[in-house]
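Each remark here refers to the structure printed beneath this line.
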Amino acid sequence: MSSNDFEPRPLDTLKPSSARIYHHMVTGEVIFESDLPFIHRLYAEIPFYPLWAQHNRRFLARAVRHMAGKGIRQFLDIGSGLPTGGNTHEVARELVADPRVVYVDNDEEAINRARDLLRDQDLLSTTTMVDADLRDPARILAHPDTRRLIDFTEPVGLLLVSVLPWVPDSDDPAGLVRQLRAALAPGSHIAMTHVSLEDAGMEIKQQVAAGAAIFTDTSTPVTLRDRARFATFFDGWTLTEPGITYATDWHPEQAVDTDDYARPCNFAAVGSLP
Ligand SMILES: C[S@@+](CC[C@H](N)C(=O)[O-])C[C@H]1O[C@@H](n2cnc3c(N)ncnc32)[C@H](O)[C@@H]1O
């Protein structure tokens, strides 16, 4: 079987997943009716969650444009999620002819949908979806599809956008980022975001904590981290101006709404390798 002859991944429709819920928050699409009770509980606890997700998604697009503007032609997007609008390959193609993109996720629906989209767009020669887990960087880096599309002697744009919250401390998230960094050439870039409550007001802290507790009941519990901890994930990288900001504030393309409740709940930054 060639690496492009993908077998669909079997789905557990009864277990809510962070990928499906995030996709709903960005697009409004309900993928499985069985997700609805979970989605309704989240709306009740965190009414601004869709706004948070949309801010996060827009940061991803701005970070990809920034990297493409720096001459990055190949992207490794881990925890890429279900394809919505503004996928990495689509954004990169605005600026780069035939960018190479390796998507990685461990969610069945994200994998199946991304593969369908890439097949429909006839992009499998330059873009792929690898079924792998961020907690196994060696497998991601050695995967035949990764090796087929990424030239590790050239700079890579590494995207870890809102995926580290799903990696508990016991899995050493900073160590995982370090292992990925060690494989990358000078000039490579990284973009990360991380949900946080550090700067949120008391009411929002209570809402997000209640929402996070809902995820604890699922197969994908979420870990909230503060700015200092998020900063450790950039060890060895040179932060791009303006450093760590809220996702909304990182090179915004429109005026930032400082009254926005979702704004302080997502740290973001881009770094590069000297
Ligand atoms: C909140 S979504 C973010 C999607 C996309 N990166 C974005 O920012 O728009 C998190 C994604 O990370 C994936 N994910 C969570 N833990 C993962 C892991 N250990 N390995 C690979 N993917 C993971 C989930 O399946 C989900 O698709």
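Here are some notes:
- Estimated distance in nm for a label pair at His251 and Ala138, the labels positioned 7 Å out from Cα along Cα-to-Cβ: 3.5
- Here the 3J(HN,Hα) profile of segment 259-264, calculated from phi with Karplus coefficients 6.51, -1.76 and 1.60 at θ = phi - 60°, is 8, 5, 5, 6, 4, x Hz, Gly and Pro shown as x.
- Over the residues of the chain, the helix contribution to mean residue ellipticity at 222 nm works out to -11000 deg cm²/dmol, using -39500 (n - 2.57) for each DSSP H run of at least 4.
- One decimal place: the segment Asp259-Ile39 gains 76.7 nm when fully extended, by the rule 0.36 nm per residue minus the C-alpha distance.
- Full-stretch length increase - Val30, Thr126 - with 0.36 nm per residue and alpha-carbon distance subtracted: 31.6 nm
- For the residues Leu82, Leu36, Leu149, a GNM of the chain with alpha-carbon springs under 10 Å puts the largest fluctuation on Leu36.
- Under-5 Å amide H pairs with Gly157, H placed in peptide plane, nonlocal only: Gln74, Phe75, Leu76, His189
- Taking a ≥ b ≥ c as the square roots of the eigenvalues of the Cα gyration tensor, segment 100-182 is classed as oblate, since a/c reaches at least 1.5 and a/b does not exceed b/c.
- Cα-based Kirkwood hydrodynamic radius, segment 1-94, one decimal, Å: 15.2
- Amide proton proximity set for Asn266, modelled H, under 5 Å, gap of 5+: Ser196, Ala247
- Under the span-like rule (Cα at least 15 Å along the axis, Kyte-Doolittle mean at least -1.0), DSSP H helices of the chain: 49-69, 202-216
- With semi-axes defined as the square roots of five times the eigenvalues of the C-alpha gyration tensor, the equivalent ellipsoid of the chain measures 27, 23, 17 Å, largest first.
Every number here is computed from the coordinates shown, using simple stated rules; none is lab data. Just so it is clear, the structure is predicted and the values come from calculations on it, not from any experiment. Heads up, the Cβs are rebuilt from the backbone with ideal geometry, glycines too, and the neighbour counts pull from every protein chain shown.
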